[in-house]
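K.L.:
Quick one: this structure, given as structure tokens, is what I'll be asking you about.
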Amino acid sequence: MSDTTEPAAVTTYSVAEDGVALIRLDRPKARNAIDTQMLSELLEHLAVARADDAVRVLVFSSTDHMGFSAGADVREELDHDAHVARMQQFSDLYDAIVAFPKPTIAACHGDAVGGGAEIAIACDMRVGGSNLRMRFPGAALGVPVGPARLVTLCGLAAAKYLLLSSRTVGADEALRIGLVNRVAPAAKTEASALELASAVAAHPPEALARLKRMLHEWDDVEGRSAVEGRGQVAWVSDGPGFATPD
């Protein structure tokens, strides 16, 4: 008799009375590494929040204030087709966050690396924890990801600096170059993000949606994100892709 038990959820989703929806990554033992299951859950939460008129602002966080996400789960065992499918999910996730019609905020505590950092910069605003360690390792790994959202966020010079060096930046440097909007004590990062979200949620939702739409139309971040996503998938499907870990 086969085991049909559903795997334990690796994310949580809730909506507060003020209209602030909260998505938390919940794989603390894996440093919130993003696997196929987590990607599927995140995409489902986004679809639910998008369709829910009661949701006014969406916040991304994690259940562990020591780390937002270490990035893609390199330990997940996948064949070629599954690798391609997972990269498509990553691309879909980034595009879905960028194109989300309501304001989005990321609570960036501890490690925000690779895919975790990309989720953060796909959001409209970011609160950095004092223990923030943000890194975009695309150059080191050979992955063509990051420019579409980083350029629109912190400018060409800072995007080149972050992407081509693959260096880790802390909270103070992230604030200085525009990666985060404010810094909070590590254990209070999520609370600070929720406080900001509550203030934003108090504004008329139609005005927020219109302003965000205007900003995106003039900047075309959604178009750039979609183009970059297609390149990511092609890199895995037809190009070198990730090296198989030992």
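The values are calculated or read from the model by the stated rules, or taken from the named source; none is laboratory data. This structure is a prediction, so every number in the text was calculated from the model and none was measured. Note that each Cβ is placed from the backbone with ideal geometry, even for glycine, and that neighbours are counted across all protein chains shown. Ligands, DNA and RNA are stripped out before the accessible areas are found, and what is left, the full protein with its side chains, is counted by its heavy atoms. Shrake-Rupley method; radii C 1.70, N 1.55, O 1.52, S 1.80 Å.
K.L.:
Which numbered condition trips up Thr168, out of (1) open to solvent by 80 Å² or more (accessible area, probe 1.4 Å); (2) touching a strand residue (DSSP E or B) at 6+ places or on another chain (Cβ under 8 Å)?
P.N.:
Result: Thr168 fails condition (1) only.
K.L.:
Further question: Show the residue pairs that are 6+ apart or on different chains and have beta-carbon atoms under 6 Å apart, the first residue being within the range 121-145 and touching a residue at least 12 places away in the same chain (Cβ under 8 Å), the second being acidic (Asp, Glu).
P.N.:
Arg133/Asp111
K.L.:
State yes or no: is Asp95 open to solvent by 50 Å² or more (accessible area, probe 1.4 Å) and either assigned to a helix (DSSP H, G or I) or over 22 Å from Gly231 (Cα atoms) (or both)?
P.N.:
Considered against the rule, which asks whether it is open to solvent by 50 Å² or more (accessible area, probe 1.4 Å) and either assigned to a helix (DSSP H, G or I) or over 22 Å from Gly231 (Cα atoms) (or both), Asp95 comes out as no.
K.L.:
Hey, another quick one. May I ask you to list the residues in the range 49-62 that are under 17 Å from the mean Cα position of the chain (by Cα) and either over 21 Å from Cys108 (Cβ atoms) or open to solvent by 10 Å² or more (accessible area, probe 1.4 Å) (or both)?
P.N.:
Across the range 49-62, the qualifying residue is only Arg50.
K.L.:
Whether any residue in the range 177-191 is part of a loop (DSSP other than H, G, I, E, B), open to solvent by 60 Å² or more (accessible area, probe 1.4 Å) and free of Cβ contacts under 8 Å to residues at least 60 places away in the same chain is what I want to check.
P.N.:
Looking through the range 177-191, at least one residue is part of a loop (DSSP other than H, G, I, E, B), open to solvent by 60 Å² or more (accessible area, probe 1.4 Å) and free of Cβ contacts under 8 Å to residues at least 60 places away in the same chain.
K.L.:
In the range 2-48, which residue that is among the hydroxyl-bearing types (Ser, Thr, Tyr) and modelled with pLDDT of 95 or more is least open to solvent (accessible area, probe 1.4 Å)? Even if it seems obvious, please write down each step before you answer.
P.N.:
Step one: filter the range 2-48 for residues among the hydroxyl-bearing types (Ser, Thr, Tyr), giving 2, 4-5, 11-14, 36, 40.
Those left that are additionally modelled with pLDDT of 95 or more: 11-14, 36, 40.
Details: Thr11: 11, Thr12: 51, Tyr13: 63, Ser14: 56, Thr36: 43, Ser40: 55 Å².
Across the range 2-48, the extreme among qualifying residues is Thr11.
K.L.:
OK, next. Tally up the residues in the range 12-53 that are in contact (Cβ under 8 Å) with a residue 24 or more places away in the chain, closer than 18 Å to Thr189 by Cα and of a type in the set (S, T, N, Q), please.
P.N.:
Residues flagged as in contact (Cβ under 8 Å) with a residue 24 or more places away in the chain, closer than 18 Å to Thr189 by Cα and of a type in the set (S, T, N, Q) within the range 12-53 amount to 2.
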